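Engineer: This is the structure I have questions about; it appears just below.
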Amino acid sequence: MDRRWTWQTAVILLAAAAAFSAQTPSAPMAIPGAELTQILDQLAALPGNPVKFDRTRVQQGYMPDVYELVQTLRSLDILLDLRQEANQAERIKLEEVTDRLDQHLRALLARNETRLRNPDRDNLARYAESDRVLPPPAPGEQRVLFMGDSITDGWKIQEYFPGKPYVNRGIGGQITGEMLGRMKADALDLKPMAMVVLAGTNDLARGVTIPAIENNLYMIGSLAKAQGIKVIFASITPVNGANIAVRPPEKILELNKYLQELCAKEGYLYLDYFSALKDSEGLIPKALAADGLHPNADGYKIMAPLAQAAIEKALAAPAAKTAKAGKK
């Protein structure tokens, strides 16, 4: 009988342990992005390059790759012990890094376990009460809905668009599939005249494929269009720092190109935040996003007039034609 463990077997066992530990105060903590980048930089710089790993997949949280990295480090520690190589301080540091990555893996397992068991995958509960008490648009009211992730969630819409009947329905951390799942409750049922969608950056960070992201964006637009809502698709914003590895600029450009083509084909409006926020290298300056992802007040000050101009243009345009059943 082959007693060798595959990573899948180990993950099942670790998942049980992670689920149990998640119920206690000592639940494992995932490594923040900046710290994980530093750890991977240190491992990549080891003499002789003894540790092989796919940096992007590790940073995106692919459990097989994180597990393999942890096992490689355990094996390296054992090998150094057998050969009596490396001084004590170096051994201790290697063990600390390995233990930290092991805890990171357990945190990823616990997080995934929570997501799988969550009956409200798309977080409809977040805005359920707000949606319930929001009255229908008044006669002549030009309600506009902002759909998105943390960049939208953290945008104080009423401060940047004072007096405007704009509704924020951003949820931090969400991907396009989750926003698609919220479309009826958090968008269509609120009867906006226009909708600004800023989505896709978290999909890239989680390793969602480009075709899957494009599919979700297409469906979001189609659902809104079918209800007579003017659709404004915002470009994915540029990134910097540790975000470059998990949100590759070339993939951001690829998705933005898709959005431009989709808007041209379907009669939507393309809102180009990317060009206004990028520097000469195509990245967002730290002065506009300290963490290399989320715009600060200065970043939002650049975005707000662009959004307002797009909204005014969309509202002034005739409604996009929708396909009728039975017609070709």
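Engineer: Of Ala264, Ala242, Ala290, Ala309, which residue is free of Cβ contacts under 8 Å to residues at least 12 places away in the same chain and either within 28 Å of Leu36 (Cα to Cα) or not assigned by TED's automatic domain parsing to the domain that holds Val144 (or both)?
Structural biologist: Matching residue, one of Ala264, Ala242, Ala290, Ala309: Ala290.
Engineer: If you don't mind, there's one more thing I want to ask. Within the stretch 108-140, track down each residue that is surrounded by 10 or more Cβ atoms within 10 Å (Cβ to Cβ) and on the phi > 0 side of the Ramachandran plot.
Structural biologist: Listed by number, the list holds a single entry, Asn123.
Engineer: Next up: Out of all the residues in the stretch 186-199, which are part of a loop (DSSP other than H, G, I, E, B) and within 17 Å of Asn215 (Cα to Cα)?
Structural biologist: Once the filter is applied, which keeps residues that are part of a loop (DSSP other than H, G, I, E, B) and within 17 Å of Asn215 (Cα to Cα), the stretch 186-199 yields only Ala199.
Engineer: Any residue at all in the stretch 240-254 that is assigned to a strand (DSSP E or B) and either on the phi > 0 side of the Ramachandran plot or touching a helix residue (DSSP H, G or I) at 6+ places or on another chain (Cβ under 7 Å) (or both)?
Structural biologist: No, the stretch 240-254 contains no residue that is assigned to a strand (DSSP E or B) and either on the phi > 0 side of the Ramachandran plot or touching a helix residue (DSSP H, G or I) at 6+ places or on another chain (Cβ under 7 Å) (or both).
Engineer: In the stretch 186-219, what residues are at pLDDT 95 or above and of a type in the set (D, E, K, R)?
Structural biologist: Listed by number, the residues that qualify are Asp186, Asp189, Lys191, Asp203, Glu214.
Engineer: Evaluate the stretch 222-231: report whether one residue or more is assigned to a strand (DSSP E or B), modelled with pLDDT of 95 or more and among the hydrophobic types (A, V, I, L, M, F, W, C).
Structural biologist: Checked against the condition, which is being assigned to a strand (DSSP E or B), modelled with pLDDT of 95 or more and among the hydrophobic types (A, V, I, L, M, F, W, C), the stretch 222-231 yields at least one hit.
Engineer: Might you check whether a residue that is β-branched (Val, Ile, Thr), within 18 Å of Ile232 (Cα to Cα), in the same structural domain as Gly140 (by TED's automatic domain parsing) and within 9 Å of the chain's Cα centre (by Cα) occurs anywhere in the stretch 172-188?
Structural biologist: yes
Engineer: Could you grab me the full set of residues in the stretch 263-300 that are surrounded by 19 or more Cβ atoms within 10 Å (Cβ to Cβ) and in contact with a Gly (Cβ under 7 Å, 6 or more places away or on another chain)?
Structural biologist: Tyr268, Leu277, Ile284, Leu288, Ala289, Gly292, His294
Engineer: Given the options Asp149, Asp102, name the one that is under 18 Å from the mean Cα position of the chain (by Cα) and surrounded by 15 or more Cβ atoms within 10 Å (Cβ to Cβ).
Structural biologist: None of the others qualify; the one that does is Asp149.
Engineer: Is it fair to say Gly163 is outside the structural domain of Asn112 (by TED's automatic domain parsing), over 14 Å from Leu217 (Cα atoms) and among the small types (Gly, Ala, Ser)?
Structural biologist: In short, yes.
Engineer: Looking at (1) loosely packed, with under 12 Cβ neighbours inside 10 Å; (2) touching a helix residue (DSSP H, G or I) at 6+ places or on another chain (Cβ under 9 Å); (3) at pLDDT 80 or above, which one does Asp81 not meet, given that it meets all the others?
Structural biologist: Asp81 satisfies all of (1) loosely packed, with under 12 Cβ neighbours inside 10 Å; (2) touching a helix residue (DSSP H, G or I) at 6+ places or on another chain (Cβ under 9 Å); (3) at pLDDT 80 or above except (3).
The values are calculated or read from the model by the stated rules, or taken from the named source; none is laboratory data. On a predicted model such as this, the values are computed, not experimentally measured, just so you know. No Cβ is skipped: glycine too gets one built from the backbone with ideal geometry, and neighbour counts run over all protein chains shown.
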